[in-house]
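> One structure, as structure tokens, below. Some questions next.
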Amino acid sequence: MATTHNLGFPRIGAKRELKFALESYWKGEFSLGELKALGAQLRERHWTNQTGLGFAAVGDFAFYDQVLDMSFTLGNLPERVQGFHGDTLDNYFRVARGRSAKGAEDHAACCGGVAAGEMTKWFDTNYHYIVPEFSAGTEFKLDASRLLEQLGEAKAQGVKAKPVIIGPVTYLAIGKAKDDSDKLALLPRLLPVYAELLATLAAQGVEWVQIDEPILVTELSAEWQQAYVTAYQALANSKVKLLLATYFGQLLDNLSLAVKLPVQGLHLDAINARAEVDAVIAQLPQDRVLSLGVINGRNIWKTDLNSVLDWLEPVAKQLGERLWIAPSCSLLHVPVDLASEQKLDAEVRSWLAFALQKLGELKVLATALNDGRDAVKAELAANGAAIAARRASPRVNNPAVKAALAKINPALGQRKNAYPARADKQAALLNLPAYPTTTIGSFPQTGTIRHARSQFKSGALDEAGYKVAMRAEIERSVREQEALGLDVLVHGEAERNDMVEYFGEQLDGYAFSQLGWVQSYGSRCVKPPILFGDISRPKAMTVEWIKYAQSLTSKPMKGMLTGPVTILNWSFVRDDQPRSVSCYQLALAIREEVLDLEKAGVRVIQIDEAALREGLPLRKSQWGEYLDWAVTSFRITANGVDDETQIHTHMCYSEFNDIISSIADMDADVITIETSRSDMELLDAFDNFNYPNEIGPGVYDIHSPNIPTEEHIVQLMKKAAERIPAQRLWVNPDCGLKTRQWEEVIPALTNMVAAAKKLRASV
């Protein structure tokens, strides 16, 4: 009998209840008790959603981030927050975002805003985690209260619980040593705390613990491979059974290591690593459970259940009760419930499965394995019909797009002249000062903006009225920027709901959910568009708005676009053709928009590629192919313009030091990057690489409500000038200002402009 289980469930709620509760609490409009009660309600609902599984995940719920939860469980708090005397959850938010709720910190002098924890992408997903911080003196101390509280709730609900924790080796690997000490030297201090945690869970009657070790699908040095042996030998005598979970990729050279570790079960991502299933079975000891992730936990297409059963049935016969089946990874990366989608295109909807539907697919597979296919004959027939209909749909394949793709040639990706010649022409045209200031694109999405958009979508406001409302907001953004003294302006993106969804809505080949929200970080959620067919651009998407904004000012106005790689990586992408093909289609579509902006007189065009690094394969040996088509896609998009047109790109919250040469190959005139949370450490790449073009290292952490001082910005830029010549430096925030409030933005940008003026005086 195959056992079913789940590695994790979306925590935000089907209607983003957690998002709204968090933001209300941070504003001081929601009490701490109300927030905690809402968390308990969501956990209860999500465990009910997992009814019928052999095991449900417990401990996967987090008020901000599961990695930050693990840091608090292990007592690994940054020194700057160790003197906090209030509620632990308030201290947790201080690490996550620099401060907690308004009024929650007034009782202690230690409790003002602090530097928020560094944030980066969780492997190759769009989920951001708070990076654990280490030093040579780091000590660990168990605080299992959060996990025990959730375990108690699950027991009271009758849930067969499988606690989920991040494994010790992965925890060290994804953290950062702030003093350049050896992270692995901390392993002997860390393992006793893990042993204590497992003993604590065993005392609560826990049978199985899921211990996530996803870095096993990455390239590991001999030292890190040995760390696994050391760690799991130290935990081998635990009184709970350990299910070691890997996901997002193949084990490859770590396969023999993984199957030999002294744990009671191993989870393999059978979506990405199906080719390894036979090898794992052959090498896995006979007393070990093998969990196979047979449902894609990161995309929203229905599983071809009949096809999965064709290869899974022989495995089930071979393994018997040793076989567990599950989604490939946590369902954190997909929306909650397709049943909520009443406005989604019916044909496309019939091809999809969200988190709840994926658990339903899992149960159908288990029934078929345990009781035979006839027991779920109707379900399998309906699934097969949906799979066949999608393959045959004429909406998926567009001959005209395929013909355009066949005409791609190297010339499309070449500027007329190299950067030095372009830079001279752009300087003459734009006449910018040293340390020019700009922002990344968006300004606050106020209640007025959201109300107008909602009214327009519901039909209560006609198109003419909507345009009037958006133009008023654009004018406000322009006037504020002029008053601040910024050098290159943006229109503020009032008309845009999301930097990817906005473009997807105007491209053929995309469909859109109504409530398909996925957590990106904390309370920030995104609604990825669904790329189901060949992509084309029926008409201009941004030109009218940018032309209007430029008409309001004599200063340069940036045209704002999202690049093809980011649109691809932040969409739910079709799985019936290579990702590179879809990316080239997007590149051709966005190229048309770039050329139309230039024809309209826009001489500064920013093409955001925030997710370029996110799409990297998890193993460096596989990076070359991806970077080749990703960089080529950007160049196709950007390089049809004249030398005088200045092309910007933006990247955020990604370690990019190891791909700096590929970023240089993109040949953007200006690149802006996130650096403030890392205190400019991300610029270490330029110590050994002579980056040829201009760069704007972010100086304002827009994911925190903290307002940077003029002095702090000056110091950050001086650090940048140690690596990049001052004449090639820009001054800008880390990212767009959409999520901030005007009362935060104005003083922050005031300080930024003042800092730039002070810097100019020293040039």
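The values are calculated or read from the model by the stated rules, or taken from the named source; none is laboratory data. What you see is a predicted model; the values in this text were computed from it and never measured. Glycine gets a Cβ as well: all are built from the backbone with ideal geometry, and neighbour counts include every protein chain shown. Note: areas computed on protein heavy atoms with side chains; ligands, DNA, RNA excluded. Shrake-Rupley method; radii C 1.70, N 1.55, O 1.52, S 1.80 Å.
For every residue, the table says whether it meets (1) within 30 Å of residue 752 (Cα to Cα); (2) at pLDDT below 95.
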| site | (1), (2) |
| --- | --- |
| 363 | no, no |
| 366 | no, no |
| 381 | no, no |
| 404 | no, no |
| 411 | no, yes |
| 423 | yes, no |
| 444 | yes, yes |
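> Looking at (1) in contact with a helix residue (DSSP H, G or I) (Cβ under 6 Å, 6 or more places away or on another chain); (2) more than 16 Å from residue 441 (Cβ to Cβ); (3) part of a strand (DSSP E or B), can you tell me which one residue 695 breaks?
Going through the list (1) in contact with a helix residue (DSSP H, G or I) (Cβ under 6 Å, 6 or more places away or on another chain); (2) more than 16 Å from residue 441 (Cβ to Cβ); (3) part of a strand (DSSP E or B), residue 695 breaks only (1).
> Can you tell me which residues in region 740-750 are open to solvent by 40 Å² or more (accessible area, probe 1.4 Å) and farther than 17 Å from residue 26 by Cα?
Matches in region 740-750: 746, 747, 750.
> Conditions first: (1) more than 26 Å from residue 197 (Cβ to Cβ); (2) assigned to a helix (DSSP H, G or I); (3) of a type in the set (Gly, Ala, Ser); (4) open to solvent by less than 10 Å² (accessible area, probe 1.4 Å). Residue 13 passes all but one, so which condition is the exception?
(2)
> Go through region 615-643 and give me each residue that's within 23 Å of the chain's Cα centre (by Cα) and outside any helix (DSSP H, G or I).
616, 617, 618, 619
> Inside region 282-295, can you point out the residues that are open to solvent by less than 50 Å² (accessible area, probe 1.4 Å) and either without any contact (Cβ under 8 Å) to a residue 40 or more places away in the chain or touching a helix residue (DSSP H, G or I) at 6+ places or on another chain (Cβ under 6 Å) (or both)?
Answer for region 282-295, where residues must be open to solvent by less than 50 Å² (accessible area, probe 1.4 Å) and either without any contact (Cβ under 8 Å) to a residue 40 or more places away in the chain or touching a helix residue (DSSP H, G or I) at 6+ places or on another chain (Cβ under 6 Å) (or both): 284, 285, 288, 289, 290, 292, 294, 295.
> Please give the number of the condition residue 259 fails out of (1) touching a residue at least 40 places away in the same chain (Cβ under 8 Å); (2) part of a helix (DSSP H, G or I); (3) in contact with a Lys or Arg (Cβ under 9 Å, 6 or more places away or on another chain).
(1)
> Further, regarding this structure: Name every residue in region 135-175 that is part of a helix (DSSP H, G or I) and charged (D, E, K, R), in order of residue number.
Hits for region 135-175 are 146, 149, 153, 155.
> Right, residue 358: among the charged types (D, E, K, R), closer than 30 Å to residue 257 by Cβ and surrounded by fewer than 18 Cβ atoms within 10 Å (Cβ to Cβ) or not?
Criteria not met by residue 358.
> Another question, then. Applying the selection to region 398-416, what residues are of a type outside the set (A, V, I, L, M, F, W, C) and either exposed (fewer than 10 other Cβ atoms within 10 Å of the Cβ) or under 14 Å from residue 536 (Cα atoms) (or both)?
398, 399, 402, 407, 409, 410
> While we're on this one: Looking only at region 521-579, count how many residues are in a loop (DSSP other than H, G, I, E, B) and of a type in the set (Asp, Glu).
Count: 2.
> If you go through region 231-239 one residue at a time, do you hit one that is touching a Lys or Arg at 6+ places or on another chain (Cβ under 6 Å), open to solvent by 20 Å² or more (accessible area, probe 1.4 Å) and touching a residue at least 12 places away in the same chain (Cβ under 8 Å)?
No, region 231-239 has no match at all.
> Turning to a different aspect of this structure: So residue 685 clears everything in (1) out of contact with any Gly (no Cβ under 7 Å at 6 or more places or on another chain); (2) at pLDDT 90 or above; (3) surrounded by 17 or more Cβ atoms within 10 Å (Cβ to Cβ); (4) outside any loop (DSSP other than H, G, I, E, B) except one condition, right? Which one?
(2)
> Moving on to the next point. Could you grab me the full set of residues in region 176-218 that are surrounded by 22 or more Cβ atoms within 10 Å (Cβ to Cβ) and assigned to a loop (DSSP other than H, G, I, E, B)?
The one that is surrounded by 22 or more Cβ atoms within 10 Å (Cβ to Cβ) and assigned to a loop (DSSP other than H, G, I, E, B): 213.
> Is it the case that some residue within region 371-389 is touching a helix residue (DSSP H, G or I) at 6+ places or on another chain (Cβ under 9 Å), assigned to a loop (DSSP other than H, G, I, E, B) and open to solvent by less than 50 Å² (accessible area, probe 1.4 Å)?
Among the residues of region 371-389, not one is touching a helix residue (DSSP H, G or I) at 6+ places or on another chain (Cβ under 9 Å), assigned to a loop (DSSP other than H, G, I, E, B) and open to solvent by less than 50 Å² (accessible area, probe 1.4 Å), which makes the answer no.
> Give the residue, chosen from 750, 675, that is hydroxyl-bearing (Ser, Thr, Tyr) and more than 25 Å from residue 665 (Cα to Cα).
750
> So, of the residues in region 135-175 that are among the basic types (Lys, Arg) and open to solvent by 10 Å² or more (accessible area, probe 1.4 Å), which turns out to be nearest to residue 70 (Cα to Cα)?
146
> Out of (1) closer than 18 Å to residue 672 by Cβ; (2) open to solvent by less than 30 Å² (accessible area, probe 1.4 Å); (3) over 32 Å from the mean Cα position of the chain (by Cα), what's the single condition that is false for residue 438?
For residue 438, the failing item is (3).
So that you can scan it fast, the table gives a plain yes or no per residue for (1) surrounded by fewer than 20 Cβ atoms within 10 Å (Cβ to Cβ); (2) under 30 Å from residue 14 (Cβ atoms); (3) without any contact (Cβ under 8 Å) to a residue 60 or more places away in the chain; (4) not hydroxyl-bearing (Ser, Thr, Tyr):
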position	(1), (2), (3), (4)
472	yes, no, yes, yes
485	yes, no, no, yes
521	no, yes, no, no
530	no, yes, no, yes
547	yes, no, yes, yes
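> Give me the pairs, please: first residue somewhere in region 386-407 and at negative phi, second residue anywhere and at pLDDT below 95 and open to solvent by 70 Å² or more (accessible area, probe 1.4 Å), beta-carbon distance under 6 Å, and either six or more positions apart or on two chains.
The qualifying pairs do not exist here.
> Any idea how many residues of region 38-71 are within 27 Å of residue 133 (Cα to Cα) and hydrophobic (A, V, I, L, M, F, W, C)?
Final tally of qualifying residues: 8.
> Please enumerate the residues belonging to region 611-625 that are open to solvent by less than 10 Å² (accessible area, probe 1.4 Å) and free of Cβ contacts under 8 Å to residues at least 60 places away in the same chain.
612
> I'm told residue 512 meets every condition in (1) over 23 Å from the mean Cα position of the chain (by Cα); (2) open to solvent by 40 Å² or more (accessible area, probe 1.4 Å); (3) of a type outside the set (S, T, N, Q) except one. Can you identify the failing condition by its number?
Among (1) over 23 Å from the mean Cα position of the chain (by Cα); (2) open to solvent by 40 Å² or more (accessible area, probe 1.4 Å); (3) of a type outside the set (S, T, N, Q), residue 512 violates only (1).
> Looking only at region 314-355, which residues are buried (at least 21 other Cβ atoms within 10 Å of the Cβ), of a type in the set (A, V, I, L, M, F, W, C) and within 20 Å of residue 525 (Cβ to Cβ)?
Result: 329, 331, 332, 334, 336, 338, 352, 353, 354, 355.
> Say we look at region 710-730 and pick out the residues that are open to solvent by 30 Å² or more (accessible area, probe 1.4 Å) and touching a helix residue (DSSP H, G or I) at 6+ places or on another chain (Cβ under 6 Å); which of these is nearest to residue 664 (Cα to Cα)?
By that ranking, first place goes to 723.
> Which one is surrounded by the fewest Cβ atoms within 10 Å (Cβ to Cβ), of the residues in region 20-73 that are in a loop (DSSP other than H, G, I, E, B) and hydrophobic (A, V, I, L, M, F, W, C)?
Restricting to residues being in a loop (DSSP other than H, G, I, E, B) and hydrophobic (A, V, I, L, M, F, W, C), the top hit is 30.
> Taking region 300-338 on its own, how many of its residues are assigned to a loop (DSSP other than H, G, I, E, B) and either without any contact (Cβ under 8 Å) to a residue 12 or more places away in the chain or not polar (S, T, N, Q) (or both)?
Result for region 300-338: 8.
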